[in-house]
1. Computing the accessible area with a 1.4 Å probe over protein heavy atoms, can you report the carbon and sulfur percentage for the chain?
2. Please work out the average accessible area per residue across the range 29-125, using the 1.4 Å probe convention, and give it in Å².
3. What distance in nm separates the simple spin-label points at Trp30 and Trp118, each placed 7 Å from Cα in the Cβ direction?
4. Per residue, how big is the convex hull around the C-alpha atoms of the range 29-125? Give it to me in cubic angstrom, could you?
5. Classify the range 1-66 as rounded, prolate or oblate from the Cα gyration tensor: take a ≥ b ≥ c as the square roots of its eigenvalues, call it rounded if a/c is under 1.5, otherwise prolate when a/b beats b/c and oblate if not.
6. Share of antiparallel DSSP beta bridges in the range 29-125, in percent to the nearest 5?
7. How big is the charge dipole of the chain about its Cα centre, in debye rounded to the nearest 20, if each Lys and Arg gets +1 on its Cβ and each Asp and Glu gets -1 on its Cβ?
8. Could you work out how far apart the two model spin labels at Asp85 and Val21 are, taking each label as a point 7 Å from the Cα in the direction of the beta carbon, and quote it in nm?
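The values are calculated or read from the model by the stated rules, or taken from the named source; none is laboratory data. Being a predicted model, the structure only gives us computed values, none of them experimental. Every residue, glycine as well, gets a Cβ built from its backbone with ideal geometry; the counts of neighbours run over all protein chains shown. The area values use the complete protein model at the heavy-atom level, side chains included, leaving out ligands, DNA and RNA. Shrake-Rupley method; radii C 1.70, N 1.55, O 1.52, S 1.80 Å.
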Amino acid sequence: MIKVLSSGLNVVLELRFKTQVEGFWLQDHWEISVIKTQKFARSYVNTFSGNSQLDDKDVIATPKNFGLTQRGVVHEFGHMIGLKDEYEKQSAWYKDKTSIMNNGEVVKQRHLRHFSNWVSSKLQKHKIS
Ligand SMILES: [Zn+2]
């Protein structure tokens with residue numbers, strides 16, 4: 001949920017995905033390549049080029065540090081919407097281990113900030129409270 005209006009209505013986030021297997025479209029926002037692998041492979045997202053390399057193991061909950069599990073595809077999607085890693089010591093959220101951008105899969109309110117900021121600007125523009 002992004003916001004609750006004064007009327008009690010909830011503003012929620014709904015993401016829709018259009019997929020295409022093979023081919024090339026100029027309007028693509030992201031090109032996601034998925035490889036089959038027998039062992040762990042490091043997946044990544046390149047936010048500059050809009051490319052992402054995933055593997056077939058990324059949909060499986062994988063044991064991480066601190067007794068947590070995480071599906072790589074969920075974490076990498078966080079990068080696609082502009083979120084940064086939080087597991088490195090210089091991150092302000094380094095100690096928040098359950099976060100999707102750390103070792104867990106919990107989406108925190110801060111991860112939705114740019115969506116809620118956009119919603120707030122639209123609500124303000126249309127004088128909706
Ligand atoms: Zn990452």
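1. Carbon and sulfur together cover 56 percent of it.
2. 68 Å²
3. For Trp30 paired with Trp118, the spin-label model returns 1.3 nm.
4. Dividing the Cα hull volume of the range 29-125 by its residues yields 119 Å³.
5. oblate
6. So the antiparallel bridges amount to about 45 percent of the total.
7. 560 debye
8. That separation, rounded to one decimal, is 3.2 nm.
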